[in-house]
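A short write-up of the structure that comes next.
Computed from the coordinates by the stated procedures, all read-outs in this text should not be read as laboratory data. These numbers were taken from a predicted model, which means no experiment stands behind them. Ideal geometry is used to build each Cβ from the backbone, glycine not excepted, and the neighbour counts take in all protein chains shown.
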Amino acid sequence: MKTGLITSDTYQNHNTGKGHPEKVDRVSVILENFKKLNNKNLIWKKPSKVENQILEITHSSNYIKFVQNSFPKKGLSFLDGDTIVSPGSKDAAVDAVGSIITAIDGVQNKEFKNAFCAVRPPGHHAEKNKAMGFCIYNNIAVGTNYLLKKYNYKKVAIIDFDVHHGNGTQDIFYDNEKVLYISTHQYPYYPGTGTEQEKGKYNNIFNIPLPAGTTSEEYLSAYEFVLKKLKEFKPEFILFSAGFDAHKDDPLAQFQLKSKDFYDLTKRTLGLAKVFSEGKVVSILEGGYDLSALQESTEMHVRALIEFN
Ligand SMILES: [Zn+2]
């Protein structure tokens, strides 16, 4: 079976203003590279349209209303200090959520074995009632709740290897024993959360804070704890919050990972997915702000997804 690549053109109209790191080119360079590689094992697919009821499993209806009324008719407006939206952000935000829904349905229907969603805006900082850190809707949280509600899964694991802590995802699943949230991140750092003491109501949150300057070897060694937790939890479905800003060239953080490390961590995780979740894995783009590092790292990550069988 093949790997799904879910994306839509609407990300191009999510304008965050001049000089903003979360820019259109991020997804453009990823897609250009996949077009060039022309891998026949990649199935390109557009997201389905999501209705409010899918968002409402994760975000409050007041928050959804607030977001839907905040897209300007022209120009830009601010949802928080660094979360900026333009008229086109409305469709981009909905398509980012729609992508993970389409990816999950595709894996469930055996249209493809696993999938990567190349989307923006990212999602893992968005809380139930709050936009934050370039994120509007929490795409991966909506996907997780969709797995629980629509497909009745009892154990879903989210692995967040973005260099920032996914405070939003942690917030949404803090008291949900069906969800294991594991995050590796630079600490202390934005957004300030992500200590080892934040464990969730059911010990279902597992934070691995690492210092600035963390090398590939140090990171991959810490990643062994991620794998250990996964083995204990035995997830029926695995989701990746795939941020690539832990790369050594990334301008927003100070980890020292190389592009190849994203291949290794993906490969190791897929080994466990094979044992526990019949290989069911969906990954969605979060951060990553150096364009060539992002292009190379997503290629590595997706290569591991494609090779898995
Ligand atoms: Zn990040």
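Points worth noting:
- Mean shadow area of the stretch 26-87, taken as a quarter of the surface of its Cα convex hull (nm²): 6.5
- Per residue, the chain reaches -12000 deg cm²/dmol at 222 nm when only DSSP H runs of four or more residues are counted, each adding -39500 (n - 2.57).
- Listed peptides 67-79, 158-170, 292-304, 23-35 by packing density, highest first (mean Cβ within 10 Å): 158-170, 292-304, 23-35, 67-79
- Normalised alpha carbon radius of gyration of the stretch 123-233 [divisor 2.2 N^0.38 Å]: 1.03
- Peptide ranges 120-133, 225-238 listed from the most packed, as the mean C-beta count within 10 angstrom indicates: 120-133, 225-238
- Computed from the alpha carbon positions, the gyration tensor of the stretch 163-210 leads to an equivalent ellipsoid with semi-axes of 18, 10, 8 Å, biggest first.
- Translational diffusion coefficient (Stokes-Einstein; Kirkwood radius from C-alpha pairs) of the chain at 4 °C, 1.567 mPa s, in µm²/s: 69
- The stretch 99-212 - share of DSSP beta bridges that are antiparallel (%, nearest 5): 15
- Length released on extending from GLU278 to LEU227, taking residue separation times 0.36 nm less the Cα-Cα span: 16.8 nm
- Computed from the Cα positions only, the extents of the stretch 231-309 along the three principal axes stand at 36, 23, 18 Å, in decreasing order.
- The stretch between THR215 and ASN41, if pulled fully straight at 0.36 nm per residue, gains 59.4 nm over its current Cα-Cα span.
- Shape metrics for the stretch 189-268, restricted to C-alpha atoms - Rg then Dmax, Å: 13.3, 37
- Along principal axes, Cα extents of the stretch 108-173, largest first, whole Å: 34, 24, 18
- Spatial separation of Cα centroids for the stretch 100-141 and the stretch 58-79, in angstrom: 18
- Simple spin-label estimate for ASP25 and SER60 gives 3.9 nm between the two label positions (7 Å along the Cα-to-Cβ direction from each Cα).
- Overall, the stretch 49-142 carries a charge dipole of about 140 debye about its Cα centre when +1 sits on the Cβ of Lys and Arg and -1 on the Cβ of Asp and Glu, all other atoms neutral.
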